[in-house]
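Asks: Structure in structure tokens, see below.
Since every read-out is calculated from the coordinates, none of them should be taken as a lab result. Just so it is clear, the structure is predicted and the values come from calculations on it, not from any experiment. Neighbour counts run over all protein chains shown; Cβ positions are idealised from the backbone, glycine included.
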Amino acid sequence: MSRGELSRERAEALIKEIVALKPAWVILEGGEPLLKEDLITLIGLLKQHHLKTYLITNGLLLTPEKIALLKKLDVRIMLSIDGAHQKTYESIRQGSDFYKVVAAAKACARQGILEALNFTILKSNQAEIADIIHLAQSIGAPKINFIGLKPCHNYRDELLTSAEYKEAIKTVCRVAHETGIEFFFDEPFFLGGSQGMGTCCKIANWKCRYCCSIRHRMRFRGVLVHRARWYS
């Protein structure tokens, strides 16, 4: 067992604690959750309690056998892909394999378990926002989750400005309308991203309130949209 990893005993105890809270769903993420050798067994324990389960993965370890097991357990897959093209993706996720990940996403889509692609918006990939939506369409992904960058070692270098976030959100709205792909903005876009969402609200004639605890669904020019509302 890797240092800092949950032991089997602690993981099982944690599942009991989660079940006691009676959540509507559980998201398993990492690091990379598929590195945990007993993950499938632990998911089985969750499913015994009829918990809707989502798995966020980079896709590199999604073999046909694991995809089949995850389908049997009715697990919904969210696959992280931070570039619409090989060069960009592999520069961000060094040591990864763009085509292997795309193939894994397509395999999940064929099996009906691909919930969404996850795309963290960075300075180094913002030019590919339209392309990632088109890639999702070609893969068969029904939705893309656009994620704001969290603090990390090069956070300031990759963080978009307020104006860039505004343009990113407008691009998402436009291309989603063209393709019919659902999208979801996850958590605040730091340093003024809420202004960009406010712009989209004006375009769509939405009434915006900023509250991090409220999420709901709406339509933007006929496109089903999941929108998070947060404090500015």
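Let's see how each residue does on (1) farther than 19 Å from Gly31 by Cβ; (2) out of contact with any Phe, Trp or Tyr (no Cβ under 9 Å at 6 or more places or on another chain):
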residue	(1), (2)
Asp82	no, no
His85	yes, no
Ser96	no, no
Gln111	yes, yes
Ile133	yes, no
Asn154	no, yes
Asp157	yes, yes
Ala163	yes, yes
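Asks: Go through the range 153-187 and give me each residue that's touching a Leu at 6+ places or on another chain (Cβ under 8 Å) and loosely packed, with under 14 Cβ neighbours inside 10 Å.
Replies: Tyr155, Thr161
Asks: Right, Thr53: of a type in the set (S, T, N, Q), within 30 Å of Glu158 (Cα to Cα) and surrounded by 15 or more Cβ atoms within 10 Å (Cβ to Cβ) or not? Walk me through how you get there before you give the answer.
Replies: Working: of a type in the set (S, T, N, Q): yes; within 30 Å of Glu158 (Cα to Cα): no; surrounded by 15 or more Cβ atoms within 10 Å (Cβ to Cβ): yes.
Criteria not met by Thr53.
Here is a yes/no grid of residues against (1) in contact with a His (Cβ under 8 Å, 6 or more places away or on another chain); (2) of a type in the set (Val, Ile, Thr); (3) closer than 21 Å to Glu65 by Cβ:
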site	(1), (2), (3)
Glu5	no, no, no
Lys22	no, no, no
Glu29	no, no, no
Glu32	no, no, yes
Ile40	no, yes, yes
Gly44	no, no, yes
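Asks: Report the residue count in the range 87-96 for those that are outside any loop (DSSP other than H, G, I, E, B) and of a type in the set (Lys, Arg).
Replies: 1
Asks: If you check every pair at least six apart or on different chains, which have Cβ atoms under 9 Å apart with a residue in the range 116-141 that is without any contact (Cβ under 8 Å) to a residue 12 or more places away in the chain and over 18 Å from Ile56 (Cβ atoms) first and a residue that is assigned to a helix (DSSP H, G or I) and not basic (Lys, Arg) second?
Replies: Final answer for the pair search is Ala127/Thr88; Ser138/Val102.
Asks: Okay, moving on. Looking at the range 46-62, which of its residues are closer than 16 Å to Gly31 by Cβ and out of contact with any strand residue (DSSP E or B) (no Cβ under 9 Å at 6 or more places or on another chain)?
Replies: Leu60, Leu61
Asks: Kindly provide the set of residues from the range 133-187 that are of a type in the set (A, V, I, L, M, F, W, C) and part of a helix (DSSP H, G or I), ordered by number.
Replies: Of all residues in the range 133-187, those of a type in the set (A, V, I, L, M, F, W, C) come to 133, 135-136, 139, 141, 144, 146-147, 149, 152, 159-160, 163, 168-169, 172-173, 175-176, 181, 183-185.
Ile133, Leu135, Ala136, Ile139, Ala163, Ala168, Ile169, Val172, Cys173, Val175, Ala176 - these are the residues of the range 133-187 that are of a type in the set (A, V, I, L, M, F, W, C) and part of a helix (DSSP H, G or I).
Asks: Within the range 75-115, take every residue that is within 16 Å of Leu149 (Cβ to Cβ) and in contact (Cβ under 8 Å) with a residue 40 or more places away in the chain and give me the one that is surrounded by the most Cβ atoms within 10 Å (Cβ to Cβ).
Replies: Ile81
Asks: Assigned to a loop (DSSP other than H, G, I, E, B) and over 17 Å from Glu115 (Cα atoms): which single residue out of Ala84, Ala13 fits that description? Give the derivation first.
Replies: Details: Ala13 fails: assigned to a loop (DSSP other than H, G, I, E, B).
Criteria check complete, one pass: Ala84.
Asks: If you go through the range 18-74, how many residues are free of Cβ contacts under 8 Å to residues at least 12 places away in the same chain, part of a helix (DSSP H, G or I) and of a type in the set (D, E, K, R)?
Replies: Of the residues in the range 18-74, 2 are free of Cβ contacts under 8 Å to residues at least 12 places away in the same chain, part of a helix (DSSP H, G or I) and of a type in the set (D, E, K, R).
Asks: Among what's in the range 97-121 and is part of a strand (DSSP E or B) and farther than 14 Å from Val75 by Cα, pick the residue that is nearest to the chain's Cα centre (by Cα). It would help to see each step written out before you state the result.
Replies: Filtering the range 97-121 down to residues part of a strand (DSSP E or B) leaves 114-120.
Imposing the further condition that a residue be farther than 14 Å from Val75 by Cα reduces the set to 117-120.
On the way: Leu117: 5, Asn118: 3, Phe119: 6, Thr120: 8 Å.
Out of the qualifying residues, it is Asn118.
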